[in-house]
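Structure record follows, encoded as structure tokens.
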Amino acid sequence: MRRDFDGGWVSLSQEVLIGIKEWRMQHPHATLKEIEVAIDERLAVLRARMIADAALASAAASWEGEAAAEQPRCPQCGAKLKPRGVQAERSLQTHGGQEVKLVREYGICPMCGAEFFPPG
């Protein structure tokens, strides 16, 4: 697992905090609900970046060359997957409504032929 996946978090979190403060200064009469929505929208951007970076730091992002015991297994038949290389981005959506794009190792099961991105 990579340990250097948090490189942009500090600068992005500072941008988010400054953005929240600027929004509040521009909306002095905002209701509690409006404040909550504005903060949640801004924090969702940071949250999505953290989720993507943390997911891509996992061994599942690139498992070619991993020890056989560490390679992902097919959820259908349990066989060890064979890497098929890095495939196109996979787009997911967070609970905050932000899109997260992951570029990960793609695998194929040599036993049943199932193809997919391993979890993790």
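The values are calculated or read from the model by the stated rules, or taken from the named source; none is laboratory data. None of the values given here were measured: they were computed from a predicted structure. Just so you know, the surface numbers come from the protein's heavy atoms only, side chains and all, with ligands and any DNA or RNA stripped out. Shrake-Rupley method; radii C 1.70, N 1.55, O 1.52, S 1.80 Å.
Tabulated results
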item: Gained length - Asp40 relative to Asp6, 0.36 nm times residue gap less alpha-carbon distance; result: 10.2 nm
item: Calculated SAXS-style log₁₀ I(q)/I(0) at q = 0.28 Å⁻¹ - region 1-57, Debye, Cα scatterers; result: -1.07
item: By accessible area with a 1.4 Å probe, ligands and nucleic acids excluded, highest first: order of Lys80, Lys101, Lys21; result: Lys21, Lys101, Lys80
item: Exposure rank, largest accessible area first [His27, His95; 1.4 Å]; result: His95, His27
item: Accessible area (Å², 1.4 Å probe, nearest 10) - Val10; result: 90 Å²
